Structures are given as structure tokens and as C-alpha cells.
Amino acid sequence: MSRTRSALIAVLPLMCGLNLELGYYWHLVRGQAQLLWNRQPVADMLANRRLDPGVRERLEFIKEVRRFAEQRVGLARSRNYTTYIDIGEGPVSWQLTASPKDRIEPVQWTYPVVGRFPYRGYFDPDRAKRERDRLEARDFDTSLRPVGGYSTLGWFADPILSPMLRYSDGDLAELIIHELAHATVWIPGRVSFNESLATFVGEAGALQFMRHRYGQEAAVVTDMLDRRSDKRIFDRFMRGVAEELQALYGSKRSYEEKLKEREVVFERAKRRFSRLDLKTGAYSRFPRRRLNNAVMMAYRTYHEKVDVFENVYRAVGGDLKAAVRIFKESESQTDPSRYLEDWLAGNTGRRR
């Protein structure tokens, strides 16, 4: 019996025993099984002399990123991204987030083993849209977005998906390192911490990789630095919008007044955006986005704690491998964010 089929048979009784939403979980099992069933070993593909040269170059590039992530960033060795699946144009899945209209607070979903998450994933876009519509009918804000890649947190060896091959070098390196960071450090029930950590490690690791591969002064490196500069500016901007909304939601105004006034806040933010001193077009779509609390919540999930990780990184002299070791230590802590803040308080200005 195949390892994939054995794994699925082991999971199904657990799902039935817990009396969970079997339709949703069965759709996840089928989607993941289809991916695992159709994957091809990258080594076999590279041994094929008829392999498309463009595909070969991208697969070799990912091998190089994986090696760098393990050796220079200190991420866990694994079988992740050693297989390939052609899913066409993609995306591989869709992610749904939701929030009350008068609070920036996520709707939480509970999953077996891994705990509570502020989002729900779907392989089937129609199923995702039905759940989105159901939540909106209950007066929640929602955000449904395509997903280019995801981590199974060590349950399976994550494959390379065909849409990834179209990414730029910098974006592809960042995606691979981001997902490998999840396989290295993951704390159940701390999704915002986990995602923010992987965001930081992905960005810092990709920048180091690109400098290593192309040189400090290369145009692709300059572009990445410009994008990072824009990200910091945009992060501060979005924090300001969130603070303005929080003040509104915490006021004594009626529910209807809050909903009316928040649209003023969103429109004012779009006008202010045009005055930001940005170097790239990375956020050019922002003025056209439909803003709501779910969009704000999804953004905060991936960026909430990045400053803490940045400060640890600086405290160890820009040694990302050393920083990852410290991040890994936080896995055993009751409050990982407080652990890092306490570590910083005792180690600021010193190298570890």
C-alpha cells in the first residue's frame, strides 16, 4: 500500500471520530491526495534530457534556494520541494478570512491536531465562495484570495507547483524560504506569530540569497531593497489605518454609525496612499481594493510581529542562522513573543 494511501486511511477515522464537518475535511483529503498522487520527483525530471530548458532552470534554481536555506539560514532539512506537480495556471487553493464589521477580530476555525486558525483553506473555489457568501449573509466581512503555495507543516513533503515557476527569482526564493520556515518553527495556536516569523525569515533569507547569487550591486538586489523599503512604509501606513479603525470601533457610536464612518476611513486611507513616497509599484493596486476588516485582519496576520524578529536579527549582527536558532527556542515558551522581547532586553547590543 502506498504511503499516501496509508496516511489517508489513518486520518479518516480521526475525522469521523471527532464528528467534524466531514464534507469540508473530505474535500481537503481529496485535494491533498490528488496533489500527492500526481507529483514527480525533481531528480527524475532533471535526469530527463528532453525536459524543457525553462522548467529545468527553475527547478535547479529551487534546489539552490533549498540548499542555501538549509546551510546558510539554518532551516530544517526536509524533503520539501523535491517533487513537482503540474496544476496548470493555478492557483493551488484559496484562503478565506472573516471578521465582524465593527471589530478587527478574526473568525477562528478549529482543526484537529493543529488547533485554531484565523483562516480556512479550500481546494474547491466554489465551496470557498459558498462559505464566503454564508458568512456575508451573517453580516461578516470576508476576504477570499488565491494561494500560490502552502506548508503542510511536516505532514507531507510539500511539492513545487507549476505556477511557482513563473515567479521572479526574488519572489520565488522568498516563497520557498517562507514555507521552509514554517516547517522549522511552528507553534500551535499562534498563527499570527508563525506567519509573521515566516514572513520575516522569507524576506531576509531571500535578500541574502539574492546577494549571494548575484552580488551586492546587482539590479535584482537593488529592486528587492526598494521593495523592502516600500514594505516598511506601507506597513507603517496600514498600522495607522488600523489604529484609526480601532479608535472608531472602540467609541460609543452606534453600530450603524460605525459602519458608515469606517467607509470614510477607508476612502481617506486610499487618498493618503497616493502621497506615500514609494519606489516601486508593489502596492499600486491598493486604491482599487475593496477594504474591510477581513482584509485588514489578513494583512495583520502576516505582519504583526515582524519588528520583533527584525530586532533579534539586528541584535545578533545580521546573522540569520543565529536568529533562527533563537526563534526556534521560542517554540517551547508559553508566550513566544514575550520570550523574544525578554531576550532582546537582555541581549540588545550584544552578539550571541
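The values are calculated or read from the model by the stated rules, or taken from the named source; none is laboratory data. Computed from a predicted structure; not experimentally measured. Cβ sites come from the backbone with ideal geometry, for glycine too, and all protein chains shown count toward neighbours. To get the accessible areas, we keep the full protein, side chains included, count just its heavy atoms, and leave off ligands, DNA and RNA. Shrake-Rupley method; radii C 1.70, N 1.55, O 1.52, S 1.80 Å.
Quick one: of K101/K231; K231/K270; K101/K252; K129/K258, which pairs are farther than 18 Å apart, Cα to Cα?
Numbers: K101/K231 26 Å; K231/K270 16 Å; K101/K252 15 Å; K129/K258 27 Å.
Where the Cα-Cα span goes over 18 Å, the pairs concerned are K101/K231; K129/K258.
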Exercise. Distance between Cα centroids, segment 69-119 to segment 212-283: provide it in whole Å.
Key: 23
Self-check item: For R116, distant residues with modelled amide H under 5 Å away
Solution: Y111, G189
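With a 1.4 Å probe and all protein chains kept in place, how do S332, S196 rank by accessible area, largest first? Mind dumping the intermediate values first?
Values: S332 95, S196 0 Å².
Accessible-area ranking of S332, S196, largest first: S332, S196.
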Quiz item: When the chain is fully extended, how far beyond the present Cα-Cα distance does I187 get from D235, taking 0.36 nm per residue of separation?
Solution: 14.9 nm
Practice problem: Taking Cα extents along the principal axes in Å as the quantity of interest, determine which of [x] 81, 61, 50; [y] 66, 52, 40; [z] 56, 54, 47 was computed from the displayed structure. | Solution: [y]
Quiz item: Computed FRET efficiency, Cβ-Cβ of D171 and Q216, R0 25 Å: what is it to the nearest 0.05?
Solution: 0.80
Quiz item: Which of the lysines could be linked to K63 by a straight reach, that is with a Cα gap under 21 Å, when you skip same-chain ones fewer than 8 residues away?
Solution: K321
Self-check item: Linear extension gain, Q333 paired with L51, 0.36 nm per residue minus alpha-carbon span
Solution: 96.8 nm
